[in-house]
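The values are calculated or read from the model by the stated rules, or taken from the named source; none is laboratory data. Since the structure is predicted, the reported quantities are computational estimates derived from the model, not experimental observations. Neighbour counts run over all protein chains shown; Cβ positions are idealised from the backbone, glycine included.
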Amino acid sequence: MDHTQAPVLEALRRFQDQGELSFTPPGHKQARGADPEARAILGDAVYRSDLLASGGLDDRRMTGNVLKRAEELMADAVHAEHTFFTTCGSSLSVKAAMLAVAGPNEQLVVGRDVHKSVVSGLILAGIEPVWVDPQWDGEQRLAHAPAPEAFEEALERHPEAKGALVTSPTPYGSCTGLDRIAEILHARGLPLIVDEAWGAHLPFHPDLPSWAMDAGADVCVTSVHKMGSGLEQGSVFHLQGELIDPETLQSRADLFGTTSPSVLIYAGLDAWRRQMALQGEQLLDEALRLAAAVRGEIEKIPGLHVLGYDDLVGTGRGADFDPLPVVIDISALGTTGYRAADWLRREHRVAMHLADHRRISAQLTYADSAATTDPLLDALRDLADHAGELAAGVPDFVVPTGPEMRMEQVVRPRDAYFGPSEPVPVERATGRVSVEMITPYPPGIPAVLPGERLTEPVLDYLRTGLEAGMNLPDAADPELRTIRVRR
């Protein structure tokens, strides 16, 4: 296919060049009615590109096939059979994929390190999860994606399961053995869904981990706004094989999708595909060289260690890793990742991506260069120089072992979430069944799920984590004095 084309961008340019007079939404009417300050900050180009997909970008019956052609080009670029665009992020895409595989009261094998959007899908659909435990690195207190053998064992225990879902890469860059997991599923005639939200770039460079479609997955969900150059909420999901019907997948997406999709987001997806198809390997070559250089410089800073191959790959860990998430262990500084991230933003205006009890991460992409990484390195050197200040008065933070983090699922997530509940003081919540989801964010992997029986180690982890700077945006009580439990 001709990847110099960009159907959405081209249709958008035609609309603007023709000066079409619109009496449809959006009500700002090509910026004319927008707030003056908003126009000054956002620019009129944003408003001029904000139009209806049907009856604006295309005619009211979409006979120009603008979106369809853009999706076909995306599928061709990554060697998938079908691609679907969404403007509601991968949180929508992964739900659509789940519901195309399993329905109410049916089982789906799911890694327990999934994003909260997967749990939301379980709740909405009434799917019964068969949980598969991540691999736990006790030395680093870090979870890696579940091993293929764990999926095989779960399917042997639950032969009625309809398929499986795994997250790879993890937000830390660790990747599991997707090809082996796909083999295990396909030997049973079952589909594999991969939440590859952090892997949009993987298909475009041979030195990166194998991406889900090449590894044999049936559906792959990816967030182009994370590691690509799409706009926020820009997501795609890809399909191949005969185990999932494309019309069924599209129908499930329609259940969640908006009827007013953002053409701006479509344009970002379309442009990114063209950029990657034409220049992706070259751009990623440069990004990988830069990441290697940055990793080397950070390793020279006293008290900092960059997680690399030996930390993330091997027995009990991942099968591969992506070097572009630069994950930095700062535990030798005697402080937490939360404090370090806050200090870097306050003192240097440097925003880190992920922060946990002992790590921070800088997510590099091909958009970075020495102009962005030199200030990052300067800030990290200054961080190390202020280790004493950052270590003073650090509150106790109790991080359980991997087995201690796992709680028993005694009620299906849907039944617990919609069932009768009551708030109880967190000190009296041990042994009770949670009806809410409590999620340290980022990366958005729930520590507590609806239907799990609460344990003291997990509650201590959340209480002390909150005092240390952990962000829990979905807890019913933001201060975690109470927790909602099954009545």
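A compact table of results
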item	result
Residue ranges of helices (runs of 4 or more DSSP H) in the range 183-287 with at least 2 members in contact with a Cys (Cβ under 7 Å, 6 or more places away or on another chain) and touching a residue at least 40 places away in the same chain (Cβ under 8 Å)	212-215
Residue identified as buried (at least 18 other Cβ atoms within 10 Å of the Cβ) and at positive phi among 43, 89, 55	89
Test: residue in the range 440-454 that is closer than 26 Å to residue 344 by Cβ, out of contact with any strand residue (DSSP E or B) (no Cβ under 7 Å at 6 or more places or on another chain) and among the hydrophobic types (A, V, I, L, M, F, W, C)	yes
Within the range 134-157, considering residues that are among the aliphatic types (A, V, I, L, M) and modelled with pLDDT under 95, the one surrounded by the fewest Cβ atoms within 10 Å (Cβ to Cβ)	143
Wholly enclosed helices (runs of 4 or more DSSP H) of the range 297-408 bearing at least 1 residues modelled with pLDDT of 95 or more, of a type in the set (S, T, N, Q) and closer than 24 Å to residue 143 by Cα	none
Every residue from the range 5-50 that is aliphatic (A, V, I, L, M) and within 20 Å of residue 272 (Cβ to Cβ)	6, 8, 9, 11, 12, 45, 46
Answer from 428, 432 - the residue that is more than 22 Å from residue 144 (Cβ to Cβ), in contact (Cβ under 8 Å) with a residue 24 or more places away in the chain and not acidic (Asp, Glu)	432
Check on residue 10, modelled with pLDDT of 95 or more, of a type outside the set (Gly, Ala, Ser) and not assigned by TED's automatic domain parsing to the domain that holds residue 201	yes
Residue, surrounded by the most Cβ atoms within 10 Å (Cβ to Cβ), within the range 396-417, restricted to residues that are in contact with a Gly (Cβ under 9 Å, 6 or more places away or on another chain) and over 20 Å from residue 119 (Cα atoms)	397
Positions within the range 415-434 being part of a loop (DSSP other than H, G, I, E, B) and aliphatic (A, V, I, L, M), in sequence order	429
Residues being among the aliphatic types (A, V, I, L, M) and either in the same structural domain as residue 355 (by TED's automatic domain parsing) or in a loop (DSSP other than H, G, I, E, B) (or both) - total across the range 435-466	6
Residues satisfying the stated conditions in the range 143-175, i.e. aliphatic (A, V, I, L, M) and closer than 22 Å to residue 208 by Cα	143, 145, 147, 165, 166
Single residue of 232, 286, 299 found to be assigned by TED's automatic domain parsing to the domain that holds residue 72 and surrounded by fewer than 18 Cβ atoms within 10 Å (Cβ to Cβ)	232
Qualifying residue in the range 331-340 (condition: within 30 Å of residue 166 (Cβ to Cβ) and under 21 Å from the mean Cα position of the chain (by Cα))	yes
Hits in the range 445-474 (condition: small (Gly, Ala, Ser) and touching a Ser or Thr at 6+ places or on another chain (Cβ under 8 Å))	447, 451, 468, 469
Condition check for residue 294: surrounded by 13 or more Cβ atoms within 10 Å (Cβ to Cβ), aliphatic (A, V, I, L, M) and not in a helix (DSSP H, G or I)	no
Helices (runs of 4 or more DSSP H) lying entirely in the range 1-76 (those with 3 or more residues that are within 12 Å of residue 263 (Cβ to Cβ))	7-18, 44-48
